[in-house]
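Dropping a structure here in structure tokens format, bear with me for questions.
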Amino acid sequence: MSRIAVVPGSFDPVTLGHLDVIARAADLYDTLHVVVVHNPSKSALIPVDQRVMLIEKAIHAAGLPNNIVVASWSEGLLVDYCTQVGAKVVIKGIRNQADVTYETPMALVNRNLAGIETLFMLPEPGHAYVSSSLVRQVAALGGDVRPYVPHVVAEHLDAHSG
Ligand code: PNS
């Protein structure tokens, strides 16, 4: 049986921490779906289709394996996407206790809704303080985001700033 997992997120933008988790998860499963979830209640910096494109380019540039599918989902529950693609597992990166607190209710709801299990994965400690919101803030104020994001993302933010 093919083992399929989903790494969901806003990825606004994808960071080196995300990419680290994606690489580790892709090693463990036959197919890994990286899913940009559109959250209508969050105002986004980067449109969803461009977030998907940036993740695809970053995965390619990092030489990650070709068992990774990048997609977007705006049609409701994440578990519906998981069921549609035959995934029984969601993987989320955990940087600190705050992430555990934030992720735990979602993980339990996803299990109650559809029996989808969530596995928490530790990224490389060097990425532990990196978040998309921090990157957005640094970019908005003209700072250098290159230590935190894939090269293509830094270029994209550079080209679209100001
Ligand atoms: O990167 P984020 O913003 O922390 O990711 C959160 C995300 C998108 C994974 C979460 O909000 C989500 O799964 N949204 C889809 C809607 C859904 O299924 N909600 C119910 C269970 S949380």
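Working out 0.36 nm times the residue gap between Q50 and H160, then minus their Cα-Cα distance, what length gain in nm do you get to one decimal?
Result for the pair: 38.4 nm of gain on full extension.
Taking K and R as +1 and D and E as -1, what net charge do the other residues with C-beta under 9 Å from the C-beta of H127 add up to?
Taking every other residue near H127 into account, the sum is -1.
Around I91, which amide H atoms from residues at least 5 apart in sequence, or from another chain, sit under 5 Å from its own amide H, with H modelled in the peptide plane?
Under 5 Å from the amide H of I91: V6, V7, L119.
I would also like to ask the following. For a quick check: with amide H placed at 1.01 Å from N, whose amide H comes under 5 Å from V69's, ignoring anything fewer than 5 positions away on the same chain?
Correct list: L32, H33, V34.
I'd like the distance separating the alpha-carbon centroids of the range 133-162 and the range 12-45, in whole Å.
Comparing the Cα centres of the range 133-162 and the range 12-45, I get a distance of 17 Å.
For R3, what residues show an amide H to amide H distance below 5 Å, using hydrogens built from the backbone and excluding near sequence neighbours?
Here D30, T31 satisfy the definition.
H38 versus K88, label points 7 Å from Cα toward the beta carbon: distance in nm?
It is 3.1 nm.
Explain nothing, just the number: relative contact order of the range 4-159, from Cα pairs under 8 Å at least 6 residues apart, as a whole percent.
32
Which lysines have a Cα less than 20 Å from the Cα of K42, not counting those fewer than 8 places away in the same chain?
Correct list for K42: K92.
Give me D for the range 1-139 in µm² s⁻¹, whole number, from Stokes-Einstein with Rh from the Kirkwood sum over alpha-carbon pairs, 37 °C and 0.692 mPa s.
216
What value, in deg cm²/dmol to 500, does the helix sum -39500 (n - 2.57) over DSSP H runs of n ≥ 4 give at 222 nm once divided by the residues of the chain?
Computed ellipticity for the chain at 222 nm equals -14000 deg cm²/dmol.
For the modelled label position 7 Å from the Cα of T104 along Cα-to-Cβ, which residues of the range 1-41 have backbone nitrogen atoms closer than 17 Å?
Taking a point 7 Å out along Cα→Cβ of T104, no residue of the range 1-41 has its backbone N under 17 Å.
Each value in this text was obtained by applying a stated rule to the coordinates, not by laboratory testing. All of these numbers come straight from a predicted model, not from anything done at the bench. Reconstructed Cβ throughout: ideal geometry from the backbone, glycine too, with neighbour counts over all protein chains shown.
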